[in-house]
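This report refers to the structure that appears directly beneath it.
The values are calculated or read from the model by the stated rules, or taken from the named source; none is laboratory data. Just so it is clear, the structure is predicted and the values come from calculations on it, not from any experiment. Note: ideal-geometry Cβ built from the backbone for every residue, glycine included; neighbour counts use all protein chains shown. Calculation scope for accessible area: heavy atoms of the full protein, side chains included, ligands and nucleic acids excluded. Shrake-Rupley method; radii C 1.70, N 1.55, O 1.52, S 1.80 Å.
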Amino acid sequence: GMALVAAGWEEALEVITPFGDRITRGVNSSPSTTILTGDVSALDDVVAQLTERGVFPRRVAVPVAAHNRRMEASVTELPSLLSTLRPAKAQVAFVSTNTGTFITGDELGGSYWKRQFCEPVRFAQGIACLIEKGHTLFLECNPHPIMQKAIEECLLDAGKKGVVVASLYRDQHE
């Protein structure tokens, strides 16, 4: 399972440490939010503990708890299945949520996409990277715009003003 918690990346590590490898940090969403991923019963315990402490948690409805090493067995064959991909240098600047940095595009082969399933998403770092380069206008292309608040928080954290526009909404015609 997965759960969004009102805890920054380092604070989230403190929260999950007692659970060992049953829970990991899956997504660094914003300076003050992290998505945890792992064992459903352990996540239930974390959600209950945080709620009791007055810290916001919310379960994320997903069919698979991605962005952790537990995914390795499920995506072992992904690089070979994607072997026909021919990554090339990007024509526009490309920020990877896997590294949280600009990449050239040549890296986008099957192994890259496997890492997307098995390693934490560095969304906040990627947005910070864009903000550092002067970007302040963001378009979220998602039928359920859940990252808008995270992007706005990244702008605020950087001391920048910007605009985040959602382009789609669930259950609404395009």
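Looking at Phe94, Phe56, Phe19, just one residue is among the aromatic types (Phe, Trp, Tyr) and open to solvent by 80 Å² or more (accessible area, probe 1.4 Å), and that residue is Phe56. For region 27-37, the tally of residues that are over 9 Å from Ala3 (Cα atoms) and either assigned to a strand (DSSP E or B) or open to solvent by less than 10 Å² (accessible area, probe 1.4 Å) (or both) stands at 5.
Any chance region 157-165 includes a residue that's open to solvent by 30 Å² or more (accessible area, probe 1.4 Å) and free of Cβ contacts under 8 Å to residues at least 24 places away in the same chain?
So in region 157-165, the residues open to solvent by 30 Å² or more (accessible area, probe 1.4 Å) come out as 157-163, 165.
After this cut, where a residue has to be free of Cβ contacts under 8 Å to residues at least 24 places away in the same chain as well, the list is 159.
Yes, region 157-165 contains at least one residue that is open to solvent by 30 Å² or more (accessible area, probe 1.4 Å) and free of Cβ contacts under 8 Å to residues at least 24 places away in the same chain.
Could you go through region 122-142 and let me know if any residue there is open to solvent by 60 Å² or more (accessible area, probe 1.4 Å), at pLDDT below 95, closer than 30 Å to Glu14 by Cβ and among the charged types (D, E, K, R). So that I can check it myself, show each step before the final result.
Let us first name the residues in region 122-142 that are open to solvent by 60 Å² or more (accessible area, probe 1.4 Å), namely 122, 125, 132-133, 135, 137, 139, 141.
Keeping just the survivors that are at pLDDT below 95 gives 139, 141.
Next, only the ones that are closer than 30 Å to Glu14 by Cβ stay: none.
No, that holds for no residue.
Residues that are in contact with a strand residue (DSSP E or B) (Cβ under 6 Å, 6 or more places away or on another chain), under 30 Å from Gly134 (Cα atoms), hydrophobic (A, V, I, L, M, F, W, C) and not in a strand (DSSP E or B) do occur in region 12-23, at least one of them.
Where residues in region 65-85 are in a helix (DSSP H, G or I) and hydroxyl-bearing (Ser, Thr, Tyr), which of them is most open to solvent (accessible area, probe 1.4 Å)? Going through the qualifying residues, I end up with Ser74.
With respect to being on the phi > 0 side of the Ramachandran plot, over 13 Å from the mean Cα position of the chain (by Cα) and modelled with pLDDT of 95 or more, Gly100 falls outside the description.
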